[in-house]
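The values are calculated or read from the model by the stated rules, or taken from the named source; none is laboratory data. Model, not experiment: these values are computed from the prediction. In this analysis, Cβ positions are derived from the backbone assuming ideal geometry, glycine residues included, and neighbour counts consider all displayed protein chains. In case anyone asks, the SASA skips ligands and DNA or RNA and just uses the protein heavy atoms, side chains included. Shrake-Rupley method; radii C 1.70, N 1.55, O 1.52, S 1.80 Å.
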Amino acid sequence: PPAGSPPLERMSPEISHQETALHRPKQLAMDAESILPMAFGRYKDDGQLHRDDISKALAFAGFTQPDEGLIDQVFRQVSNGYTTLGLEEFLSFAKMYEMHIDRAIDEAFRQYDADNSGTICLAELEELLRNFGVKPMPHLLEDIMFEVDKDGTGSLDLQEFKAVMDLIRSRMGFTKEEHARLMVLFTRCDRKGHGVYEADEFNVMLSWLGYDLCDKDEVEDLFRDMDQDGNGEVSVEELMVCMMKVREREIAKVQIFLDAADIDGNGMASLNELPEVIKNLGFWPDMAAIRDTASELGFNTDRLELNIGSLWQFLSAYRAREGFSTKDRMEIEQGFRKFDKAGSGEISSLDAGRLLRWLGYSVTAYEKHGLIAAVDIDESGSLNLGEFMRLLRIYFSRKLHMVRKTFVDYDNGQRYLTVAGYRKAMRSLGFVDPHGNVPSAHPHDMLSAAKREMSKGHGDLEPNVPYLDLGGFVDNAARVMRSMRLTFKQNGGFTAEEIEQMKAQFEKYDRDKSGDIGNRELAQLLEDIFPKIATDPAMRPMIRDMLAEIGHAGDVCLDFREFVLFMDRFREIEQSESHEKELKAVEISKFNIREVEEFRELFHQAAEGTIQITVFNLLQLLRGLCPMGAKSSAELLQHMAEVLPGKASELLADSEAAV
C-alpha cells in the first residue's frame, strides 16, 4: 500500500451481542500475565474492581469497545452476587469473556462460509465485517489480506479470519505502517522515558501527524476521557485509544468538508473540488501537489472522483508528502543537502533558518524558533529532512489560519470583503509591494459584482464594491505569497524593503558613483554599520574569507549584487553569535526546549517585537508572575549586573536600559 495509507473508517458505536466477535484483546494471548493485572491495578478501588469499571479495565487490556451484555452475563457467573471482583476473580472473568468471543467468531465464520469450503473471500470478509458494524475501507482490507493470506490464495481460513480481526482491533483500525509510525512517534515523545504521556506531549503528536482539525478544547476533552485517574498522564494503550478517537473525528469532519465542496452533488470530490477540502484541512492547496499525489496512488487525474474512502486515502498520502509537489520536494531536498555540509542527514536550528531564507521564506527569529519547537519533538536541537518539511507544512498552516482570521477581522460580518476591506486586510498581512501598494486580486478570484464593474472599464473600483469571498481571498493570498517568496529568494534572503535600504547604503558609500565599492569605501562602511566586527583584529581573517567566497581575494571592488552577498554573510555571523549565546545559556540553566520556548514567548511579548527588553519591562513582567517589592527588585538588578558585567552601571542607573 502507498506510504501514508489511511486507517479504518469510523466504527459504529452501536455493537450488538453477536458483535463481540470483534472484541478480541490485542495482547491477551501473549501477555495476559502482565496486561490484565496492570488493567486491574489501574482501575481498582480499595483492592477491588467495581462492575462499572470492568469495561474500562477490559479496554485497557486490549478488548476495545467491550460488549456490556456479555460483561453482565460473565460477571454474574464469577461474582457470587457481589458488585466487585478481586484480582483472581477478574483474571477468571477475562478468561471466560475470551472463550465467549472465540465461540462467536467460529459461529460467524460458519455462517459466511456458505459453500462449506472452510474459507471466505475478500468480498465475504468485507460483508461479514459490515454486518458487525465495522466499515473498513477497501485498501485497508487489501493491506491486511496481503499480510495474513500467507499462501496467496485470496481467501481466508478460520485462523486467518481470526488474525484479520485481531489485527484490525489490536491496531485500533490503523494500518500496519501507520501503527508502526505511531509507536516510533510515541517513543520519541516519551521525553522522560517512563512510558506515560502528558497533555502537552499529546498536542505535539497531533501537530506532528498533521491533525489540525481538533481545537484546544477537543484535545483536552479527549485526553481527560482517557486520563481516568486524573493524574495528568496516560499510558501507550490509552494513547492509542485517543488517537483512534481523533481519527474518527477527523473522518467525520472530512465528510462534512466533502459534502460542502461537492458542487455537482454526486457524493464525491473531483479534481476541481479537492482544493476546497484541502483548504479546510489547514493546507495551502497546490494543484501540482494534488496531481502528483493522485498519480502516486494510481488514480486517474483526468477523471478524478473520490468517495470518502478514496478521499481519506488521498488525504493521508497528501499529508505524508506535507502537501508539496514533486518539484517542490526536490527543491527542498536540494537545499537541505546544501546546508547539511557534514552529510549527517541533519541540520542545526541555525542552518534551518538559513535554509528557509534560501528557499525564499521570510521568517523572523521568533517564528523560526516556534516552528522548530513544534517539530523537534525529541529536543535534539537539529532537524532531519522529514522534520524540516513538516516545519514548512506547519508554517503554511499557520499562515492559512492568519489569512482566514484577517478575513473575518475585515469582512464586517458580511462574509465578503469590499475593495476597501480587501486593501486593509492585505496591508495588515504585510502583502504589499516595495512601494506600499496593495496588488489587485486576480479576476478569477473576484465576486460577480466586482467583475461586472470591471467590465464597464471605469478604472478603479469603488471602495464599497463587494470584492472577494473567503475562498477567493485565500487563493489570492496564496498567489501573492508565492510571488513574494520568489522575490525574497532572488534578493538573497532579504525583503524588498531591506534591499531598498541596502541600495541607499551602497549609494552613500559609492562616492565616485562608479557602481561599485572599493577597499576604502568598504572599510568605512564596515566601521559605521558593524563597528565591533570592523575594529576586532580577530575578525580580519574571517572578513578576507568572506570576500574570497564572493570572488575577491585581493583588491576589493564590490558591485551591488556582491555587496548583498557580503551583507548576508555578516548577518549570518551575527545570528551565529546570538545562537551560540543562547545555546550556552540553555546549557547553564538546564531548561528543556519547551521551557525555553515559554520564556521566549514571555520575552517576545515584553520586548514588543524587538530583540531587547528594558529593565523596566522585565521588572513588570516578573511582577506579574510573582510578588516583587523594592528589596526584591534591587536584588534582581544586582543579579543582572553580575550576569552582564559590561552593563552593570547602566542597569543600576537606568530602568530604560535594554538587555
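Filtering the stretch 567-598 to residues that are farther than 21 Å from L371 by Cβ and without any contact (Cβ under 8 Å) to a residue 40 or more places away in the chain leaves R569, E577, K584, E587, I588, S589, K590. Applying a threshold of 9 Å to beta carbon distances and a minimum spacing of six or more residues, or different chains, the list of pairs starting in the stretch 466-483 at a residue that is touching a residue at least 24 places away in the same chain (Cβ under 8 Å) and outside any helix (DSSP H, G or I) and ending at one that is open to solvent by 20 Å² or more (accessible area, probe 1.4 Å) and acidic (D, E) reads L468/D475.
Scanning the stretch 283-314 for residues that are surrounded by 20 or more Cβ atoms within 10 Å (Cβ to Cβ) and touching a Lys or Arg at 6+ places or on another chain (Cβ under 9 Å) yields F283, W284, P285, A289, D292, T293.
Of all residues in the stretch 500-522, those that are closer than 30 Å to D433 by Cβ and assigned to a helix (DSSP H, G or I) have Cβ atoms under 6 Å from Cβ atoms of residues that are among the aromatic types (F, W, Y) and open to solvent by 40 Å² or more (accessible area, probe 1.4 Å), 6 or more apart or on another chain, in F506/F560. Beta carbons closer than 6 Å, at least 6 apart along the sequence or on distinct chains, pair a first residue in the stretch 426-437 that is farther than 13 Å from N476 by Cα with a second that is open to solvent by less than 60 Å² (accessible area, probe 1.4 Å) for S428/T406; P434/A496.
State whether one or more residues within the stretch 563-570 are open to solvent by less than 70 Å² (accessible area, probe 1.4 Å), under 27 Å from the mean Cα position of the chain (by Cα) and under 27 Å from G492 (Cα atoms). Looking for residues that are open to solvent by less than 70 Å² (accessible area, probe 1.4 Å), under 27 Å from the mean Cα position of the chain (by Cα) and under 27 Å from G492 (Cα atoms), one finds none in the stretch 563-570, hence no. Screening the stretch 132-176 for residues that are among the basic types (K, R) and part of a helix (DSSP H, G or I) and picking the one that is surrounded by the most Cβ atoms within 10 Å (Cβ to Cβ) gives R169. Candidates are the residues of the stretch 234-265 that are charged (D, E, K, R) and over 22 Å from the mean Cα position of the chain (by Cα); the one that is farthest from G210 (Cα to Cα) is D264.
What residue, among those in the stretch 599-629 that are more than 20 Å from Y366 (Cα to Cα) and in contact (Cβ under 8 Å) with a residue 40 or more places away in the chain, is most open to solvent (accessible area, probe 1.4 Å)? Top of the filtered list is F616.
From the list I533, I550, I543, I529, the lone residue that is open to solvent by less than 70 Å² (accessible area, probe 1.4 Å), modelled with pLDDT under 75 and closer than 21 Å to I499 by Cβ is I550.
For the structure I just gave you, tell me whether T487 is surrounded by fewer than 18 Cβ atoms within 10 Å (Cβ to Cβ), closer than 22 Å to I573 by Cβ and out of contact with any His (no Cβ under 6 Å at 6 or more places or on another chain). Taking the combined requirement at face value, the residue does not satisfy it.
Looking across the stretch 177-208, the residues that are more than 21 Å from A317 (Cα to Cα) and either of a type in the set (S, T, Y) or not in a helix (DSSP H, G or I) (or both) come down to T187, D190, R191, K192, G193, H194, G195, V196, Y197, E198.
Within the stretch 428-439, can one find any residue that is open to solvent by less than 60 Å² (accessible area, probe 1.4 Å) and either touching a Cys at 6+ places or on another chain (Cβ under 6 Å) or not in a loop (DSSP other than H, G, I, E, B) (or both)? Yes, that holds for at least one residue. Whether any residue in the stretch 227-237 is in contact (Cβ under 8 Å) with a residue 60 or more places away in the chain, buried (at least 20 other Cβ atoms within 10 Å of the Cβ) and either assigned to a helix (DSSP H, G or I) or of a type in the set (V, I, T) (or both) is what I want to check. Checked against the condition, which is being in contact (Cβ under 8 Å) with a residue 60 or more places away in the chain, buried (at least 20 other Cβ atoms within 10 Å of the Cβ) and either assigned to a helix (DSSP H, G or I) or of a type in the set (V, I, T) (or both), the stretch 227-237 yields at least one hit.
Annotation: of all residues in the stretch 379-395 being of a type in the set (A, V, I, L, M) and part of a helix (DSSP H, G or I), the one that is surrounded by the fewest Cβ atoms within 10 Å (Cβ to Cβ) is L385. For the stretch 87-117, residues that are open to solvent by less than 20 Å² (accessible area, probe 1.4 Å) and more than 44 Å from the chain's Cα centre (by Cα) total 1. For the stretch 321-342, name all the residues that are touching a helix residue (DSSP H, G or I) at 6+ places or on another chain (Cβ under 8 Å) and open to solvent by 60 Å² or more (accessible area, probe 1.4 Å). Scanning the stretch 321-342 gives T326, K327, R329, K338. Taking the criterion of being surrounded by 18 or more Cβ atoms within 10 Å (Cβ to Cβ), in a helix (DSSP H, G or I), without any contact (Cβ under 8 Å) to a residue 24 or more places away in the chain and β-branched (V, I, T), would at least one residue in the stretch 396-414 satisfy it? Looking for residues that are surrounded by 18 or more Cβ atoms within 10 Å (Cβ to Cβ), in a helix (DSSP H, G or I), without any contact (Cβ under 8 Å) to a residue 24 or more places away in the chain and β-branched (V, I, T), one finds at least one in the stretch 396-414, hence yes. Taking every residue in the stretch 300-312 that is closer than 22 Å to E250 by Cα and pairing it with any residue that is open to solvent by 70 Å² or more (accessible area, probe 1.4 Å) and not in a strand (DSSP E or B), at least 6 positions away or on another chain, the pairs with Cβ-Cβ distances below 7 Å are G309/P138. Restricting attention to the stretch 26-44 and to residues that are charged (D, E, K, R) and at pLDDT below 60, the residue that is surrounded by the most Cβ atoms within 10 Å (Cβ to Cβ) turns out to be K26.
What are the residues in the stretch 425-482 that are more than 18 Å from M402 (Cβ to Cβ) and hydroxyl-bearing (S, T, Y), if any? Result: S440, S448, S455, Y467.
Among helices (runs of 4 or more DSSP H) entirely within the stretch 269-349, having at least 1 residues that are basic (K, R) and under 22 Å from W208 (Cβ atoms) singles out 274-280, 308-320, 326-339. Remark: pairs (first residue in the stretch 42-68, farther than 21 Å from S235 by Cα; second residue modelled with pLDDT under 90 and open to solvent by 30 Å² or more (accessible area, probe 1.4 Å); Cβ separation under 7 Å; 6+ apart in sequence or on different chains) = D67/I15; D67/H17.
Give the residue that is nearest to W284 (Cα to Cα), with candidates limited to residues of the stretch 181-195 that are at pLDDT 80 or above and open to solvent by 50 Å² or more (accessible area, probe 1.4 Å). Among residues in the stretch 181-195 that are at pLDDT 80 or above and open to solvent by 50 Å² or more (accessible area, probe 1.4 Å), the one nearest to W284 (Cα to Cα) is R181.
I'm checking my understanding of the structure. Among residues of the stretch 54-69 that are buried (at least 20 other Cβ atoms within 10 Å of the Cβ) and assigned to a helix (DSSP H, G or I), which one is farthest from the chain's Cα centre (by Cα)? Result: I54.
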